[in-house]
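Everything below concerns the one structure shown next.
The values are calculated or read from the model by the stated rules, or taken from the named source; none is laboratory data. Owing to the predicted nature of the structure, the values given are computational and were not obtained by experimental measurement. Here the Cβ positions follow ideal geometry from the backbone for every residue, glycine too, while neighbour counts run over all protein chains shown.
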Amino acid sequence: MINKACREGYAETYRYWENDGLIDNFGFDFESDSELLALHVKSQESHRVLWDIKNCESTFPHGAVQKVRELHDWIIPNLIEIVQDATAYARFHVANNDGSIQFAVHLLAEFQAKEALPAILDSLSLPGDDLWDYLYGDGLYESMPGILNRLIGDEQDCYDQHLRDPNAPEALQHCLAQAMEYLVARKVVSVETYGSWLRDYLEIAIQSEKERLVTELVCNICISANPDYIPLVRSAFEKDLVTEGMILLEDAERDLKTPNPLRMKMLPNPKRDFSDTVRELSKWAWFNPTPRRPVQPKLLPPLPPPSKPVSPPANPFPKAGRNEPCPCGSGKKYKVCCLKK
């Protein structure tokens with residue numbers, strides 16, 4: 001049995017959860033001391049392991065991630081709360097610098113916690129610059145479509161709901177359009193079906209004049225190799241809704257007329273299913289800093305060897321007396337010829 005002091009502490013925690021409506025989410029008989037103790041211990045473990053993740057600095061928290069996996073169902077609400085809090089701060093242009101949001105979304109994807117989808121979709125509704133500058137950073141720009149696909153699964157209704165809504169945030173729609181590529185890569189839908197969906201979404205995006213989304217859909221619809229979509233693609237270019245440098249009209253028309261194998265190779269790798277947080281994050285450069293090479297002191301170039309003393313030029317004429325014939329061969333005496341030279 002538990003002593004009186006511990007029992008009162010657990011009872012206070014129980015009343016706190018009861019007031020917040022959290023008790024119904026747990027299937028425990030709170031009249032039992034042992035079950036109340038287990039609840040308290042798991043709650044403390046959840047907070048401690050999240051603290052370890054937030055303060056991991058540049059060392060990957062293998063132990064903390066493994067503990068999160070053990071707690072699984074208990075810690076999912078805490079992970080969702082991390083996403084919600086980071087989103088709230090990002091709305092006020094406060095950046096998330098402890099990396100907890102990256103761990104949270106990857107772990108939620110690993111657990112396939114569909115209950116987290118509303119919070120993540122809400123975070124993706126931030127304006128484009130705020131979304132990546134203050135919330136997720138560049139590290140999740142390529143990962144987010146795969147994370148969304150794992151959470152949404154094969155439910156076309158979720159994609160439809162947001163991509164058909166002309167008032168939906170463009171950043172959210174852009175991420176969902178990228179996530180849909182996994183459906184084709186995993187062969188969940190045929191290329192023909194995928195192309196017909198994109199055609200409908202592209203028509204709505206052109207009417208809404210969303211350049212970033214239109215550009216993404218134009219690039220993706222080329223996979224279908226359906227010439228019937230050429231007029232729609234042309235209208236996007238005519239309205240100047242395709243970002244310059246992303247794709248040329250002649251390239252799009254060519255790929256819509258003739259299948260381009262390179263387009264299929266540009267689809268995401270279906271084997272990367274975001275089911276392992278350690279595999280996804282442990283290779284990040286943040287946890288693998290490049291060791292700095294020791295700085296070698298710059299040595300001055302060696303001094304040239306000392307030069308030999310320059311001797312005066314030798315006298316071309318041998319020593320001659322003043323009254324002797326001049327060595328130059330003039331026939332004159334040396335004193336009147338070359339002596340004064």
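In region 209-228, what residues are of a type in the set (S, T, N, Q) and either under 19 Å from residue 244 (Cα atoms) or in contact with a strand residue (DSSP E or B) (Cβ under 7 Å, 6 or more places away or on another chain) (or both)?
Listed by number, the residues that qualify are 215, 220.
Tell me whether region 204-211 contains one or more residues that are at pLDDT 95 or above and touching a Lys or Arg at 6+ places or on another chain (Cβ under 7 Å).
yes
Do we find that residue 52 is in a helix (DSSP H, G or I) and out of contact with any helix residue (DSSP H, G or I) (no Cβ under 8 Å at 6 or more places or on another chain) in this structure?
Considered against the rule, which asks whether it is in a helix (DSSP H, G or I) and out of contact with any helix residue (DSSP H, G or I) (no Cβ under 8 Å at 6 or more places or on another chain), residue 52 comes out as no.
Going through 16, 89 one at a time, which residue ends up being part of a helix (DSSP H, G or I), surrounded by fewer than 17 Cβ atoms within 10 Å (Cβ to Cβ) and modelled with pLDDT under 60?
Testing whether each residue is part of a helix (DSSP H, G or I), surrounded by fewer than 17 Cβ atoms within 10 Å (Cβ to Cβ) and modelled with pLDDT under 60 leaves just 16.
Can you find a residue that is surrounded by 14 or more Cβ atoms within 10 Å (Cβ to Cβ), more than 28 Å from the chain's Cα centre (by Cα) and of a type in the set (Ser, Thr, Tyr) anywhere in region 202-214?
Looking through region 202-214, at least one residue is surrounded by 14 or more Cβ atoms within 10 Å (Cβ to Cβ), more than 28 Å from the chain's Cα centre (by Cα) and of a type in the set (Ser, Thr, Tyr).
May I ask you to verify whether residue 326 is touching a helix residue (DSSP H, G or I) at 6+ places or on another chain (Cβ under 6 Å), modelled with pLDDT of 70 or more and more than 30 Å from residue 138 (Cβ to Cβ)?
yes
Kindly check whether there is at least one residue in region 217-231 that is within 18 Å of residue 166 (Cα to Cα), out of contact with any His (no Cβ under 7 Å at 6 or more places or on another chain), surrounded by fewer than 21 Cβ atoms within 10 Å (Cβ to Cβ) and modelled with pLDDT of 95 or more.
There is no residue in region 217-231 that is within 18 Å of residue 166 (Cα to Cα), out of contact with any His (no Cβ under 7 Å at 6 or more places or on another chain), surrounded by fewer than 21 Cβ atoms within 10 Å (Cβ to Cβ) and modelled with pLDDT of 95 or more.
Residues are listed down the side, and each one gets a yes or a no for (1) at pLDDT below 75; (2) surrounded by 12 or more Cβ atoms within 10 Å (Cβ to Cβ); (3) part of a loop (DSSP other than H, G, I, E, B):
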| site | (1), (2), (3) |
| --- | --- |
| 273 | no, yes, yes |
| 280 | no, yes, no |
| 296 | yes, no, yes |
| 300 | yes, no, yes |
| 310 | yes, no, yes |
| 313 | yes, no, yes |
| 319 | yes, no, yes |
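Within the set of pairs 6 or more residues apart or between chains, which connect a residue that is of a type in the set (S, T, N, Q) inside region 128-153 to a residue that is surrounded by 16 or more Cβ atoms within 10 Å (Cβ to Cβ) with Cβ atoms less than 6 Å apart?
As it stands, the answer is 149/179; 149/182, since those pairs meet every condition given.
Out of curiosity, is residue 214 under 24 Å from residue 128 (Cβ atoms), free of Cβ contacts under 8 Å to residues at least 40 places away in the same chain and either touching a Leu at 6+ places or on another chain (Cβ under 8 Å) or part of a helix (DSSP H, G or I) (or both)?
yes
Just the residues that are part of a loop (DSSP other than H, G, I, E, B), surrounded by fewer than 18 Cβ atoms within 10 Å (Cβ to Cβ) and either within 17 Å of the chain's Cα centre (by Cα) or at pLDDT 95 or above (or both), please, taken from region 137-161.
137, 141, 142, listed by residue number.
Would it be correct to say that residue 252 is in contact (Cβ under 8 Å) with a residue 12 or more places away in the chain and in contact with a Gly (Cβ under 8 Å, 6 or more places away or on another chain)?
Considered against the rule, which asks whether it is in contact (Cβ under 8 Å) with a residue 12 or more places away in the chain and in contact with a Gly (Cβ under 8 Å, 6 or more places away or on another chain), residue 252 comes out as no.
Counting just the residues of region 162-178 that are aliphatic (A, V, I, L, M) and assigned to a helix (DSSP H, G or I), which one comes out modelled with the lowest pLDDT?
So, considering only residues that are aliphatic (A, V, I, L, M) and assigned to a helix (DSSP H, G or I), the one modelled with the lowest pLDDT is 171.
Residue by residue, here is whether (1) surrounded by fewer than 15 Cβ atoms within 10 Å (Cβ to Cβ); (2) in contact with a His (Cβ under 9 Å, 6 or more places away or on another chain); (3) closer than 30 Å to residue 160 by Cβ holds:
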{"residue": "63", "(1), (2), (3)": "yes, no, no"}
{"residue": "101", "(1), (2), (3)": "no, no, yes"}
{"residue": "119", "(1), (2), (3)": "no, no, yes"}
{"residue": "128", "(1), (2), (3)": "yes, yes, yes"}
